[in-house]
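**Q** Dumping the structure here so I can ask a few things about it.
The values are calculated or read from the model by the stated rules, or taken from the named source; none is laboratory data. Keep in mind the model is a prediction, meaning the values are calculated, not measured. Note: ideal-geometry Cβ built from the backbone for every residue, glycine included; neighbour counts use all protein chains shown.
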Amino acid sequence: MPDYDAIVVGAGPAGTCTAIHAARQGVQVLLLDQSTFPREKMCGDALSSLAVAELNSLGILPRLLEIPHTPVQKITYYSPDGSSVTVPILKMDDAVPATGIICRRVLLDNLLMEVAAEEGVEIVDWCRVTGILTKNGQACGIEGERGGGRKVSWTAKVVVGADGNESIVGRQMKMPRYREYRALAVRAYYRQVLGIRGNIEVHFPEEVLPGYVWFHPTETSQTNVGLTIPMDVVKQGNIKPKHALRRALESPKLKERFAFAEQMGEIEAGILPVGTPVKEIHGDGFILVGDAAGLVNPCSSDGITNAIISARIAGDVLAKACRGNLFDEAALREYPYTLWKEIGPSLEMGGRLLGLRTPKAIGSLIRSASRRPHNAGWISGILLGSALPSEDLEDFLSYINFFAK
Ligand SMILES: Cc1cc2nc3c(=O)[nH]c(=O)nc-3n(C[C@H](O)[C@H](O)[C@H](O)COP(=O)(O)OP(=O)(O)OC[C@H]3O[C@@H](n4cnc5c(N)ncnc54)[C@H](O)[C@@H]3O)c2cc1C
């Protein structure tokens, strides 16, 4: 008999939410992470309205609203030509008592970990997974190292790789790496940035297009400031993202706002594995979720939303596999099928919108949004490539194509 039904490797939002969904359906789960919690995770700390709605349907939102966070209702966009517009963040569901939320990951991930423990998930942190156990090519457990170097191993009917961009589960189960689909993000916290009004700010300096610079207000006096940029643009333009961020903050448009600002710690850099609806993300005895499956929206660089969505679908598929006692590739195929059906169109659209992010198109869209407040919500969706109904995709693309000319 295996030790567990499922072993989830990685306790970021993808891993904890998979564990919570599965445990609530009777799956016996072991959740492992190499860090000790609470732990920091380099991030912009922003939860989209869709992520907030997912956490609400998981019953976690009320708890999240009790820990330190910043509710955000609006985004201000700044074009390369200096025009700007402030638009409301579209709510996914009127019954959800929040739109966007900025919550530092040290707090968010710890809360999700606590909820998983309350749901009966067995948690072992400070345990680095070093290998995947297989039987006839099917994943059937893990081996690892506890803090202090003690070797451990556990068996399970199925292994979930929720271990981020460098997923050991994906690598050991020989999943393709898709290195061409990556973006780079850098971020630092700053104190005393002038003019922060509780909105998310998205700046599009021409030098980093189609990337952008974000300002996310945290509940402390600090602002999470960062830059995201596709990897091919970084390579082609020989761009150094940390320098690009510093240059953007020293530009005439932003310099005054940073006149008294103090940078807290180093500017840190991380990889965003961006999504395309073509990836291989499961096999015999295993599935990949969140960044391990490479699900970051290419346009907005939002990775938490799809991490939580993949967790919901994975939790359901794991429960079904346990009921049927089948864990091979065919039994788990419903996972990628359902996932790509749900998020594939928005990933595809994100990639196409990114390609259309020219200074002219951005300027036109921002001016159009300020002239037509009733359209501002979906123009905002185009600018960030998020929260758009997929059935209107072609309409949106022809609209932006028109402006890009
Ligand atoms: C600079 C930056 C800014 C970002 N800003 C945003 C933002 O504002 N909003 C947003 O939605 N997304 C943002 N993202 C993306 C977001 O951080 C990720 O998409 C999200 O964290 C994915 O969650 P996850 O659970 O899949 O992986 P992770 O959060 O990376 O969690 C993976 C976990 O696996 C553990 N792990 C890894 N390897 C092992 C191992 N061998 N053994 C045991 N444990 C292991 C790690 O310790 C970690 O806890 C940003 C990313 C970066 C780099």
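**Q** Within segment 213-260, take every residue that is within 21 Å of GLY351 (Cβ to Cβ) and of a type in the set (Val, Ile, Thr) and give me the one that is nearest to the ligand (Cβ to nearest atom).
**A** Of everything passing the filter in segment 213-260, THR228 is nearest to the ligand (Cβ to nearest atom).
**Q** For segment 162-181, which residues satisfy the criterion of being part of a loop (DSSP other than H, G, I, E, B) and either over 23 Å from VAL233 (Cα atoms) or within 8 Å of the ligand (Cβ to nearest atom) (or both)?
**A** ALA162, ASP163, GLY164, ASN165, GLU166, SER167, MET173, LYS174, MET175
**Q** Let me ask another. Restricting attention to segment 265-279, does a residue exist that is of a type in the set (Lys, Arg) and at pLDDT 95 or above?
**A** So far as segment 265-279 goes, no, none of its residues is of a type in the set (Lys, Arg) and at pLDDT 95 or above.
**Q** Give me the helices (runs of 4 or more DSSP H) completely within segment 298-358, filtered to those with at least 3 residues that are among the charged types (D, E, K, R), ordered by residue number.
**A** So the answer is 304-324, 334-355.
**Q** Also, quick follow-up: Within segment 87-100, which residues are surrounded by fewer than 17 Cβ atoms within 10 Å (Cβ to Cβ) and polar (S, T, N, Q)?
**A** none
**Q** Something else: Tell me which residues, restricted to segment 179-220, are closer than 18 Å to ALA292 by Cβ and in contact with a strand residue (DSSP E or B) (Cβ under 7 Å, 6 or more places away or on another chain).
**A** Scanning segment 179-220 gives TYR181, ARG182, ALA183, ALA185.
**Q** Looking at (1) surrounded by fewer than 20 Cβ atoms within 10 Å (Cβ to Cβ); (2) touching a strand residue (DSSP E or B) at 6+ places or on another chain (Cβ under 8 Å); (3) closer than 20 Å to ALA307 by Cβ, can you tell me which one GLN73 breaks?
**A** Failed condition: (3).
**Q** Which of the residues spanning segment 261-280 are touching a residue at least 24 places away in the same chain (Cβ under 8 Å), more than 12 Å from the ligand (Cβ to nearest atom) and assigned to a loop (DSSP other than H, G, I, E, B)?
**A** ALA261, THR276, PRO277, LYS279, GLU280, listed by residue number.
**Q** Could you give me the residue pairs with C-beta distances under 9 Å whose first residue belongs to segment 85-105 and is at negative phi and away from the ligand (no atom under 15 Å from the Cβ), whose second residue is in a strand (DSSP E or B) and of a type in the set (Ser, Thr, Tyr) wherever it lies, and which are 6+ apart or on separate chains?
**A** Matching pairs, first to second residue: VAL85/THR76; VAL85/TYR77; VAL85/TYR78; THR86/THR76; THR86/TYR77; VAL87/THR76; VAL87/TYR77.
**Q** Given the conditions (1) away from the ligand (no atom under 16 Å from the Cβ); (2) at pLDDT 95 or above; (3) buried (at least 24 other Cβ atoms within 10 Å of the Cβ); (4) not small (Gly, Ala, Ser), report the number of the one that TRP340 does not fulfil.
**A** All conditions pass for TRP340, except number (3).
**Q** Does ILE287 satisfy the condition of being within 11 Å of the ligand (Cβ to nearest atom) and in contact (Cβ under 8 Å) with a residue 12 or more places away in the chain?
**A** Considered against the rule, which asks whether it is within 11 Å of the ligand (Cβ to nearest atom) and in contact (Cβ under 8 Å) with a residue 12 or more places away in the chain, ILE287 comes out as no.
**Q** Also, I was wondering about something else. Here are GLU143, GLU119, GLU166: which of them is surrounded by fewer than 22 Cβ atoms within 10 Å (Cβ to Cβ) and either of a type in the set (Gly, Ala, Ser) or in contact (Cβ under 8 Å) with a residue 40 or more places away in the chain (or both)?
**A** GLU119
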